[in-house]
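What follows is calculated from the coordinates using simple rules that are stated; it is not laboratory data. Being a predicted model, the structure only gives us computed values, none of them experimental. Here the Cβ positions follow ideal geometry from the backbone for every residue, glycine too, while neighbour counts run over all protein chains shown.
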Amino acid sequence: MTQAKICFIGAGNMPRSIISGLISNGYPAELVHATNPSAGKLDALKADFGIQVSHDNIVAAQAADVIVLSVKPQLMQMVCEQMSHLDLSSKLMITIAAGIPASRYQDYFKQPIKLVRTMPNTPTQIGAGMTGLFADESISAANKQICETLMQSGGKTVWVKQEDELNQVIALAGSSPAYFFLFIESMIQHGVKTGLDEVTARELAQQAALGAAQMVVQNPQLSLEELRTNVTSKGGTTAQAVETFEQGNLRGLADQAMTNCKKRAEEMAKTF
Ligand SMILES: NC(=O)c1ccc[n+]([C@@H]2O[C@H](COP(=O)([O-])OP(=O)(O)OC[C@H]3O[C@@H](n4cnc5c(N)ncnc54)[C@H](OP(=O)(O)O)[C@@H]3O)[C@@H](O)[C@H]2O)c1
């Protein structure tokens, strides 16, 4: 990435994950700034990564080339309006907030802005994130590259062509770590119910989940169906379990859950 001055407005969990990745990838700490009302998270960021920190959004935004808007969605309008008297024409804005349509930011800032909307997920915290990105045609290739490199500090990225596809990103990647947590939780509950201690049950289930995910990633030439049938002998134990999931319509349930997830994202977008 070109050595842009990056400022994070809001220093919560998600910016911390991105900053951690940036610095460990060798980005100069003196070019990274984070602002936050309370001191604790700023002190920790300064101590852990040596970045600049302050309580003043306006001064920090004024000095930055790239502004990452990272407050909660319900605070976004107020935070943007406070900056609306600045000339933002030369700056790249990146938002990580869920739900707020790109067009709304122009209203908040009361001026045309260059904005990329991103949708990260929580595994970004451990460098295994998946972030969806959307930019309209006014955003230059160089600015798209800056945003991509920034978000790749926390994992992988994928560009979507239409903004509403970010709602599919939410269903497939933003919310989906919780689906897997629920599935693993259910497996652990069964292990404990049938007599294993919780630590052992968790170790077994989490390692199986990790191994299965790695097999998917490391075998792009194999379909999911092939991976599944390769470990499912006819009449065997796995076949018995898989058949039970199919009879219980796991696929239909996943489809319904993700439809509802996407619907909720669409509803939330209307509230901003
Ligand atoms: N965490 C995720 O997995 C995830 C995933 C996708 C998208 N996002 C989005 O990322 C954004 C941040 O999420 P998060 O998890 O990092 O939330 P968070 O941990 O609650 O952080 C929000 C931060 O904003 C600060 N803040 C409040 N008012 C501010 C102001 N006026 N100026 C500057 N900072 C202010 C808060 O400071 P105080 O603590 O002092 O109030 C807090 O540190 C949200 O919009 C969320 O939708 C998060």
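Take the Cα of residue 58, step 7 Å toward its Cβ, do the same at residue 87, and the gap between the two points is 1.7 nm. For the pairs 46/91; 161/262; 41/72; 72/270, note any where the Cα-Cα span goes beyond 19 Å. Check vs 19 Å cut-off fails for 46/91. In this structure, residue 72 and residue 110 have a Cβ-Cβ separation that, at R0 = 25 Å, corresponds to a calculated FRET efficiency of about 0.75.
To the nearest 20 Debye, how big is the dipole of the chain about its Cα centre, given +1 on the beta carbon of each Lys and Arg and -1 on that of each Asp and Glu? Around 180 debye, computed over the chain.
Remark: relative contact order (the stretch 67-150) = 25 percent; criterion is Cα-Cα distance under 8 angstrom and separation of 6 or more residues. How are the C-alpha pair distances of the stretch 68-158 spread across 5 Å bins, as whole percents from the shortest bin up? Pairs per bin, as whole percents: 3, 14, 25, 24, 19, 11, 4, 0. Each peptide in 265-271, 119-125, 240-246, 45-51 was scored by the mean count of other Cβ atoms within 10 Å over its residues; highest first, the order is 119-125, 45-51, 265-271, 240-246.
Quick check: the angle from helix 237-247's long axis to the longest principal axis of the chain, C-alpha only, nearest 10 degrees? The angle comes out at about 70 degrees. Phi angles of the stretch 39-53 translate, via the Karplus equation with coefficients 6.51, -1.76, 1.60 and θ = phi - 60°, into HN-Hα couplings of 8, x, 5, 5, 4, 5, 5, 5, 5, 7, 10, x, 7, 7, 9 Hz per residue; Gly and Pro are given as x. Compactness of the stretch 107-192 was expressed as the Cα radius of gyration divided by 2.2 N^0.38 Å, which yields 1.36. Normalising the average separation of contacting C-alpha pairs (under 8 angstrom, six or more residues apart) by the number of residues puts the relative contact order of the stretch 6-161 at 22 percent.
Computed from the Kirkwood radius of its Cα pairs, the Stokes-Einstein diffusion coefficient for the stretch 25-108 at 20 °C and 1.002 mPa s stands at 156 µm²/s.
Cα-based values for the stretch 176-269, radius of gyration first and Dmax second, are 15.7, 48 Å. Kirkwood's formula applied to the C-alpha pairs of the chain gives a hydrodynamic radius of 20.7 angstrom.
Across all directions, the average flat footprint of the convex hull enclosing the Cα atoms of the stretch 43-195 is 11.3 nm². Note on residue 126 and residue 43: the extension gain reaches 27.8 nm, defined as 0.36 nm multiplied by sequence separation minus the Cα-Cα distance. Computing FRET efficiency as 1/(1 + (r/R0)^6) for residue 249 and residue 224, where r is the C-beta to C-beta distance and R0 is 22 Å, gives about 0.80. Averaging the sequence gap over all C-alpha pairs within less than 8 Å and six or more residues apart, then dividing by the number of residues, gives the chain a relative contact order of 15 percent.
Cross-link reach is defined here as a Cα-Cα straight distance under 14 Å, omitting same-chain residues fewer than 8 places apart; for residue 5 the aspartates and glutamates meeting it are 30, 65.
Relative to the current alpha-carbon distance between residue 186 and residue 162, full extension at 0.36 nm per residue lengthens the span by 5.1 nm. Partner aspartates and glutamates whose Cα lies under 20 Å from the Cα of residue 263, excluding those fewer than 8 positions away in the same chain, are identified as 163, 164, 165, 255. Adding -39500 (n - 2.57) for every DSSP H run of four residues or longer, then dividing by how many residues the chain holds, sets the calculated 222 nm ellipticity at -16000 deg cm²/dmol.
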